[in-house]
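Engineer: Please read through the structure below; I'll follow up with questions.
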Amino acid sequence: MMKSMITETGVTFKELEKNIYAWICQIGRQFTGEFLERYDRMLMEGRDRKKYRNKGLRQTTIKTIYGEVTYRRAVYEAREEDGFRHYVYLLDETLELENVGLISTNMAELLVKGITEMSYRECAAKVSEMTGQGISAMGVWNVIQALGEKVCKEEAELVEEHKKGRIQGEKEVPVLFEEADGVYVRLQGKDRKRSRQGKAEVKVGIAYDGWKKTGKGRYELPEKVVVAGFEGAKEFHEYREAAIAQKYKLDEVDERIQNADGASWIRKVKDKSTCFQLDPFHRNKAVREKIHNGKAVRDIMGLLEEEKTEELFEYLELYKNSLWEDRETEDAEELIRYYRNNEEGLVPYQSQGLRLAEHPEGLEYRNMGTMENHVWSVIARRMKHNHTSWSRRGGNHLVKILAKKCSGKLYEVTEKLKRPVFEEEKVEELYGEIVLSAKAPKKDGKGYEYPVIGHMVGLEGRIQGDRKKLLAMAGF
């Protein structure tokens, strides 16, 4: 019945909801603009007048989750002790808008969450639809670059602190499991021309202290550390170690076990005391790609499962010597080299004679080999498909944000923007002033202009004032 009543007047509930939402957003924009201007006046009155000389007001606009807020704030000529002069906006400094531009923290969080799942264009369209305002794909890109740059700077600072021995995690574990892998993504523009194959490798690493059972046959890696980037092997290893050290007390770790595909950059950064295991997925994939005889594939896989390493190499030599075609011989030789270079890791860590301490309560020790899933969930799903291509700088910034998400630390991307910037007493004082001023009608020379903020519209009574505006927006 309600549906028929609404549609008879020409307005659906969906339209009513949208119109009311737009009206509420309008109230929020007006309230925010008024608040910022009043707070700016407070900063003006409390400033060091000898240092900051008022040069008038300038208008600007900030994007929020309820639309664009336009306001005016004072610009000052600042004099430093050395005589240097420059111009500043005290309100902008208070809001820390220089971090991401004229974007609110809540809006930045929406963009960060959206960009991990959607393209820049799709994210811009979705956020614009949700917030009732327009933001372009380039606008989203600019925000992500600013935040990505901030994350990279924080990583560099963490590495420097780790080199100085100032990073020490709190979590004590007897065994630390580590995995590493790489995935190639397409480059664009100048970066593509500089690359031989038009691609660049994104390095991914994870560390965890065990598996937690979440259901029948289902496990997760709680509190895992995930790192990723376009960096070279040395730089990537330095940050990976710093990130691990930030969480775990490495001096208390008895055994570190690494699972990887045996790539040269991984072998270079592997610590000599670390137990190495060749990733089972890559180990078996190499057999299927390089051995062209079905029976030989089954025999080799059987020897790997039985952990008969010596017999494995004897069989591979016999197989290679039995081949006639050069291509098949080259493939067999390549497989033999691959296995020889990673011979120590051909058998799983459980069979390498390690004496592992009891696992922490609530966790288990299981077979390693989660990197393919993490490479997919962290990088490939977002960056490798749909004909996407990246610049090294822009791609690296997104990679850092994706790694934060996989670690469950996406909030860290905008966390420093969340520190309190307004004094609580002043906020309460301004709230009261705005509400009181909104209740009093304002004379503008052409009659009275009734306020649209500071009170709720009555649901009963005559159709006038704000109630009339609301009903008009709703189509009545």
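Engineer: Being open to solvent by less than 70 Å² (accessible area, probe 1.4 Å) and either on the phi > 0 side of the Ramachandran plot or among the basic types (K, R) (or both) is the filter here; which residues of the stretch 30-51 pass it?
Structural biologist: R38, R47, K51, listed by residue number.
Engineer: Taking strands (runs of 3 or more DSSP E) that do not extend beyond the stretch 179-286, which have at least 1 residues that are farther than 30 Å from P360 by Cα?
Structural biologist: In the stretch 179-286, 199-208, 225-229 are the strands (runs of 3 or more DSSP E) which contain 1 or more residues that are farther than 30 Å from P360 by Cα.
Engineer: Next question. Could you please find all residues in the stretch 190-228 being over 16 Å from M368 (Cα atoms) and touching a strand residue (DSSP E or B) at 6+ places or on another chain (Cβ under 6 Å)?
Structural biologist: The answer is S195, G198, K199, A200, E201, V202, K203, T214, V227, A228.
Residue-by-condition table, conditions (1) assigned to a helix (DSSP H, G or I); (2) under 37 Å from the mean Cα position of the chain (by Cα):
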{"residue": "L16", "(1), (2)": "yes, yes"}
{"residue": "N19", "(1), (2)": "yes, yes"}
{"residue": "A22", "(1), (2)": "yes, yes"}
{"residue": "R41", "(1), (2)": "yes, yes"}
{"residue": "E45", "(1), (2)": "yes, no"}
{"residue": "R49", "(1), (2)": "no, no"}
{"residue": "N54", "(1), (2)": "no, no"}
{"residue": "T61", "(1), (2)": "no, yes"}
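Engineer: Among the residues of the stretch 64-99, write down those that are over 23 Å from V143 (Cα atoms) and open to solvent by 40 Å² or more (accessible area, probe 1.4 Å).
Structural biologist: R79, E80, E81, D82, G83, F84, R85, H86, Y87
Engineer: Condition first: assigned to a helix (DSSP H, G or I), surrounded by 16 or more Cβ atoms within 10 Å (Cβ to Cβ) and touching a residue at least 40 places away in the same chain (Cβ under 8 Å). Can you find one or more residues in the stretch 315-329 that meet it?
Structural biologist: no
Engineer: Please specify each residue of the stretch 184-215 satisfying the condition of being modelled with pLDDT of 90 or more and more than 20 Å from R381 (Cβ to Cβ).
Structural biologist: A207, Y208, D209, G210, W211, K212, K213, T214, G215
Engineer: Restricting to the stretch 365-382, name every residue that is open to solvent by 30 Å² or more (accessible area, probe 1.4 Å), assigned to a helix (DSSP H, G or I) and touching a strand residue (DSSP E or B) at 6+ places or on another chain (Cβ under 8 Å).
Structural biologist: E372
Engineer: Moving on. If E252 passes every condition in (1) touching a Gly at 6+ places or on another chain (Cβ under 6 Å); (2) open to solvent by 10 Å² or more (accessible area, probe 1.4 Å) but one, which one does it miss?
Structural biologist: (1)
Engineer: Any chance you could count how many residues in the stretch 1-13 are modelled with pLDDT of 80 or more and either touching a Cys at 6+ places or on another chain (Cβ under 7 Å) or not hydroxyl-bearing (S, T, Y) (or both)?
Structural biologist: Total satisfying the criteria: 1.
Engineer: Give S119, S136, S128 a once-over and let me know the one that is free of Cβ contacts under 8 Å to residues at least 12 places away in the same chain and of a type in the set (G, A, S).
Structural biologist: S128
Engineer: Can you pull out the residues in the stretch 284-303 that are open to solvent by less than 20 Å² (accessible area, probe 1.4 Å) and under 19 Å from Q258 (Cβ atoms)?
Structural biologist: Of everything in the stretch 284-303, just one residue is open to solvent by less than 20 Å² (accessible area, probe 1.4 Å) and under 19 Å from Q258 (Cβ atoms), namely A286.
Engineer: Here's another thing I want to ask about it. Does the stretch 346-354 include one or more residues that are in contact with a Ser or Thr (Cβ under 9 Å, 6 or more places away or on another chain) and either open to solvent by less than 60 Å² (accessible area, probe 1.4 Å) or under 30 Å from K213 (Cα atoms) (or both)?
Structural biologist: yes
Engineer: Which residues, counting only those in the stretch 143-168, are touching a residue at least 12 places away in the same chain (Cβ under 8 Å), part of a helix (DSSP H, G or I) and open to solvent by 80 Å² or more (accessible area, probe 1.4 Å)?
Structural biologist: E149, K163
Engineer: Determine which single condition I135 fails, assuming it passes every other condition in (1) open to solvent by 30 Å² or more (accessible area, probe 1.4 Å); (2) in a loop (DSSP other than H, G, I, E, B); (3) of a type in the set (A, V, I, L, M, F, W, C); (4) at pLDDT below 90.
Structural biologist: Single failed check for I135: (1).
Engineer: Sticking with this structure for a sec: Could you figure out which of (1) open to solvent by 60 Å² or more (accessible area, probe 1.4 Å); (2) under 30 Å from K126 (Cα atoms); (3) touching a Ser or Thr at 6+ places or on another chain (Cβ under 9 Å) isn't true of T61?
Structural biologist: The one condition T61 does not meet is (1).
Engineer: Test of understanding: among A332, A296, A263, which residue is of a type outside the set (D, E), touching a residue at least 12 places away in the same chain (Cβ under 8 Å) and within 30 Å of E223 (Cβ to Cβ)?
Structural biologist: A263
Engineer: Being on the phi > 0 side of the Ramachandran plot, small (G, A, S) and within 28 Å of the chain's Cα centre (by Cα) narrows it down to one of G217, G210, so name that one.
Structural biologist: G210
Engineer: Is it the case, given these coordinates, that E361 is part of a helix (DSSP H, G or I), open to solvent by 70 Å² or more (accessible area, probe 1.4 Å) and at negative phi?
Structural biologist: Answer is no for this residue.
Engineer: Exactly one of (1) among the small types (G, A, S); (2) touching a residue at least 24 places away in the same chain (Cβ under 8 Å); (3) outside any helix (DSSP H, G or I) is unmet by A108. Its number?
Structural biologist: Failing condition for A108: (3).
Engineer: One residue is enough: does the stretch 118-126 have a residue meeting the conditions assigned to a helix (DSSP H, G or I), open to solvent by less than 20 Å² (accessible area, probe 1.4 Å) and in contact with a Cys (Cβ under 9 Å, 6 or more places away or on another chain)?
Structural biologist: No; the residues of the stretch 118-126 include none that is assigned to a helix (DSSP H, G or I), open to solvent by less than 20 Å² (accessible area, probe 1.4 Å) and in contact with a Cys (Cβ under 9 Å, 6 or more places away or on another chain).
Engineer: Which of the residues belonging to the stretch 223-238 are surrounded by fewer than 21 Cβ atoms within 10 Å (Cβ to Cβ) and in contact with a Lys or Arg (Cβ under 6 Å, 6 or more places away or on another chain)?
Structural biologist: A233, the sole residue that qualifies.
The values are calculated or read from the model by the stated rules, or taken from the named source; none is laboratory data. Keep in mind that what you see is a predicted model, and the values were worked out from it rather than measured. Counting neighbours? That spans all protein chains shown, and the Cβs are built from the backbone with ideal geometry, glycine included. For the accessible areas, the whole protein counts, side chains as well, though only heavy atoms, and no ligand, DNA or RNA atoms are used. Shrake-Rupley method; radii C 1.70, N 1.55, O 1.52, S 1.80 Å.
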